[in-house]
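Asker: I'd like to ask some things about the structure below.
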Amino acid sequence: MSNISKNLVICAFCPNTCRPAIAAQGIQVEAQTPSALALITVAVLQGRIALDDQTRAVLARRDAVNASVGHCTYKLDMPRVLDDALQGLAN
């Protein structure tokens, strides 16, 4: 498993310890949490979800992900992890 995939899985199944930082920014949309976007990205990488325009639009909603930076128990930089994973698909 690549480091990117491992970090996506860690985030996807994390109990959202970054949630207080996200809530402090006034973001309350569950589908935009880092763990939700990580899970969607894992599904894309596994070929279970197509990386079409709709999926790209969902993965572009990064307010909660950006708010999580510096607040992750696992010290993950999820904007970067998501970008690296999607960049790998573009190549």
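The values are calculated or read from the model by the stated rules, or taken from the named source; none is laboratory data. Treat the numbers as computed from the prediction; the structure is a model and nothing was measured. All Cβ positions, glycine included, derive from the backbone under ideal geometry; neighbour counts span all protein chains shown. What goes into the accessible areas is simple: the full protein's heavy atoms, side chains included, and nothing from ligands, DNA or RNA. Shrake-Rupley method; radii C 1.70, N 1.55, O 1.52, S 1.80 Å.
Asker: Given the protein chains as shown and a 1.4 Å probe, how many square angstrom of D77 are accessible, to the nearest 10?
Answerer: Accessible area, nearest 10 Å²: 70 Å².
Asker: Find out how many positive minus negative residues lie around R56, taking Lys and Arg as positive, Asp and Glu as negative, among other residues whose Cβ is under 14 Å from that of R56.
Answerer: Net charge around R56: -1.
Asker: Then there's this: Compute the helix-to-body angle for 34-45: its Cα long axis versus the longest principal axis of the chain, expressed 0 to 90° and rounded to tens.
Answerer: 10 degrees
Asker: Please sort by residue number the trypsin sites (Lys or Arg not before Pro) in segment 11-91 whose DSSP state is loop and whose Cβ has at most 16 other Cβ atoms within 10 Å. Numbers along the way, then the final one.
Answerer: Numbers: sites: R48, R56, R61, R62, K75, R80; in loops: R48, R61, R62, K75.
Listed in order of number, the matching sites are R48, R61, R62, K75.
Asker: For L37, L76, give the ranking by accessible area with the largest first, probe 1.4 Å.
Answerer: Order by accessible area, largest first: L76, L37.
Asker: Given contacts defined as C-alpha pairs under 8 Å and at least six residues apart, what's the relative contact order of segment 1-83, whole-number percent?
Answerer: 38 percent
Asker: Which value at 222 nm does the chain reach when only helices count, each DSSP H run of 4 or more adding -39,500 (n - 2.57), with the total divided by all residues and rounded to the nearest 500 deg cm²/dmol?
Answerer: So the helix-based figure for the chain works out to -16500 deg cm²/dmol.
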